[in-house]
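No lab work stands behind these numbers, since they all come straight from the coordinates. Keep in mind that what you see is a predicted model, and the values were worked out from it rather than measured. Here the Cβ positions follow ideal geometry from the backbone for every residue, glycine too, while neighbour counts run over all protein chains shown.
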Amino acid sequence: MCRNIKTLFNFDPPASEDEIRAASLQFVRKLSGFTKPSQVNEAAFNRAVDDVTRVARGLLASLTTKAGPRNREVEAAKARVRSARRFGRPPVGPARS
């Protein structure tokens with residue numbers, strides 16, 4: 001589950017609200033063990049996602065670095081190469097339209 005949580009700090013453009021919320025949802029799913037909570041646990045689950053999203057947004061806003069912003073495409077290409085090395089298959093290029 002957590003392999004879908006991506007680094008969100010120091011990118012240009014900055015992480016969107018949707019990206020922060022998606023990472024928060026994955027985090028709460030991992031902690032709770034639920035991919036979809038039961039009705040009785042839904043309110044607590046959703047409240048946790050909201051809380052983690054708020055805290056994550058605050059964390060990203062307060063972090064500083066001297067490094068220049070990272071490029072999303074370059075980082076995605078590096079991840080594809082790492083995956084290819086790990087799983088022993090040729091890297092797949094970015095989707096083309």
Open item on the list: Can you give me the long-range amide H partners of residue 11? Hydrogens built in the peptide plane at 1.01 Å from N, cutoff under 5 Å, separation of 5 or more residues or another chain.
Closed with: 70
Task: Helix 39-62 vs. the chain, principal-axis angle (Cα, 0 to 90°, nearest 10) - done: 50
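Over the chain, what lengths in whole Å, largest first, do the semi-axes of the equivalent ellipsoid take, defined as the square roots of 5 times the eigenvalues of the alpha-carbon gyration tensor?
Working: eigenvalues 159, 82, 23 Å².
Over the Cα atoms of the chain, the ellipsoid semi-axes are 28, 20, 11 Å.
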- [ ] Select from 43, 22, 56 the residue whose mean-square fluctuation is largest in a Gaussian network model of the chain (Cα-Cα springs shorter than 10 Å).
- [x] 43
Open item on the list: Under a Cβ-only charge scheme (Lys and Arg +1, Asp and Glu -1), can you give me the dipole magnitude of the chain about the Cα centre, in debye to the nearest 20?
Closed with: 620
- [ ] Assuming R0 = 25 Å, can you tell me the calculated FRET efficiency for the pair residue 79 and residue 12, based on Cβ-Cβ distance, to the nearest 0.05?
- [x] 0.90
Open item on the list: Give me the extension gain from residue 64 to residue 50: residue separation times 0.36 nm, minus the current Cα-Cα distance, reported in nm with one decimal.
Closed with: 2.7 nm
TODO: Kindly count the pairs of lysines across the chain whose alpha carbons are less than 25 Å apart, treating pairs on different chains or eight or more residues apart as eligible.
DONE: 5
